[in-house]
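Accompanying notes for the structure given below.
The values are calculated or read from the model by the stated rules, or taken from the named source; none is laboratory data. Owing to the predicted nature of the structure, the values given are computational and were not obtained by experimental measurement. All Cβ positions, even for glycine, are placed from backbone atoms using ideal geometry, and neighbour counts span all protein chains on display. Ligands, DNA and RNA are excluded from the accessible area calculation, which covers all protein heavy atoms including side chains. Shrake-Rupley method; radii C 1.70, N 1.55, O 1.52, S 1.80 Å.
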Amino acid sequence: MCGILEQVDRLLRVRPLHIRFAPATGDVVIGRVTDVAKGHWKLDISSRLSGNLHLSSVDLPGREQRRRTAMDEMNMRNLYGQNDLISAEVQSSQLGAPTVLHTRNLKYGCLSQGQLISITPALVKRVHQHFYRFPQVTGGTTVEFVLARNGLIFVGARAVVNAGNIAKSDTGCCSSALSRLLREYLCRISNTVRVFALLSLSINPHIIWEMSEMSVDWGFEPKEILSSTFQKLVLTKYVEINYEGI
């Protein structure tokens, strides 16, 4: 068996690298809308069963606090349509039943203008914060890093929205509207994540950002980050960072 060694007191166990995501309450996930049904959306969350996002579990535009009406159901596709990518949180999960999701927070919502990377969920640890803003702001757009527990990582540009969940109408700009510098910055971070996945290293956003910045100092273009030379440098630096002083 190949996996990650974990130790709790005197108990040792090996967590396998390739596992199917098992959702738990509170997990941050990224899913793709597969169907818009009556009063809810069905999402593919890379699990055995799909996830359900009910209309009552979504903040309305303007964060209106009221009962959902038939008109709200008719306008569901204006919030999230089929094939839209959404970040959400697991509200409840029961064996043999679809996972119930919610987006009752401004940080959740539609994701666009970026890259989606799929890795094994075993490399994603449960941390206090799964949403990060890297120190790069261009024209009021922040570079966002979403670390989802189901093994999906989103790196993209997202405009700041102050009211309601991020709907697809709020992310309507096409990728061509992003500057070349910003697109290269997104590619650099995304390829650094792919290198960590190839080396079976746990994903740490702070180290990802440090490695992407070091790639500039080392003279690597974004397309050259996936080379074996850069992978060796990353592995050496990762060992220095995590085992310094041992």
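Rounded to the nearest 500 deg cm²/dmol, what is the calculated helix-only ellipticity per residue at 222 nm for the chain, with -39500 (n - 2.57) per DSSP H run of length n ≥ 4? List each step's numbers first, then the result.
Details: 5 runs with 57 residues, N = 246.
Calculated mean residue ellipticity at 222 nm is -7000 deg cm²/dmol.
Could you tell me what percent of the accessible area of the chain is made up of carbon and sulfur, with a 1.4 Å probe and every protein chain present?
That fraction is 52 percent.
So what is the relative contact order of the chain, in percent, for Cα pairs below 8 Å that sit 6 or more residues apart?
Answer for the chain is 17 percent.
Please work out how much length the chain gains when fully extended from Arg20 to Asn105, using 0.36 nm per residue of separation minus the C-alpha to C-alpha distance, in nm with one decimal.
Between Arg20 and Asn105, full extension yields an extra 27.9 nm.
Beyond 25 Å, what share of the Cα-Cα pairs of region 10-131 remains, rounded to the nearest whole percent?
26
Let me know the charge dipole size of region 27-110 about its Cα centre in debye, to the nearest 20, where only the beta-carbon of Lys, Arg (+1) and Asp, Glu (-1) is charged. Please report the intermediate quantities before stating the final value.
Working: 11 positive and 9 negative charges, 30 e Å.
The dipole of region 27-110 has a size of about 140 debye.
Name the most mobile residue of Thr120, Thr25, Thr99, meaning the one with the largest mean-square fluctuation, in a Gaussian network model of the chain with Cα contacts below 10 Å.
Result: Thr25 has the largest fluctuation of those listed.
As I understand it, the dipole of region 4-97 uses +1 on the Cβ of Lys and Arg and -1 on the Cβ of Asp and Glu, about the Cα centre. Which of His40, Ile4, Ala97 lies farthest toward its positive end?
In region 4-97, that residue is Ala97.
With +1 assigned to the C-beta of every Lys and Arg and -1 to the C-beta of every Asp and Glu, and no other charges, what is the dipole magnitude of the chain about the Cα centre in debye, to the nearest 20?
I would put it at about 580 debye.
Rounded, prolate or oblate, given the Cα gyration tensor of the chain, with a/c below 1.5 counting as rounded?
Oblate is the answer for the chain, as a/c is 1.5 or above yet b/c matches or exceeds a/b.
Could you give the angle, 0 to 90 degrees to the nearest 10, between helix 228-243's Cα long axis and the longest principal axis of the Cα atoms of the chain?
90
Hey, which lysines would be in cross-link range of Lys42, C-alpha to C-alpha under 26 Å, not counting anything within fewer than 8 residues on its own chain?
Lys42 reaches Lys107, Lys125, Lys168.
Which one, Gln231, Gly219, Pro205, projects farthest toward the positive side of the charge dipole computed for region 197-246 from Cβ point charges (K/R +1, D/E -1)?
Final value for the positive-end residue is Gln231.
So which GluC sites (Glu not before Pro) in region 61-108 pass both tests, a DSSP loop state and at most 16 other Cβ atoms within 10 Å of the Cβ?
Glu64
In region 4-55, which trypsin sites (Lys or Arg not before Pro) fall in coil by DSSP and have 14 or fewer other Cβ atoms within 10 Å?
Arg10, Arg20, Lys38, Arg48
Sequence gap at least 6, Cα distance under 8 Å: using those rules, report the relative contact order of region 55-153 to the nearest whole percent.
Details: 103 pairs, mean separation 21.2, N = 99.
Reported as a whole number, the value is 21 percent.
Quick check for me: using +1 on Lys/Arg Cβ and -1 on Asp/Glu Cβ, what's the dipole size of region 1-146 about its Cα centre, in debye to the nearest 20?
Value, rounded to 20: 240 debye.
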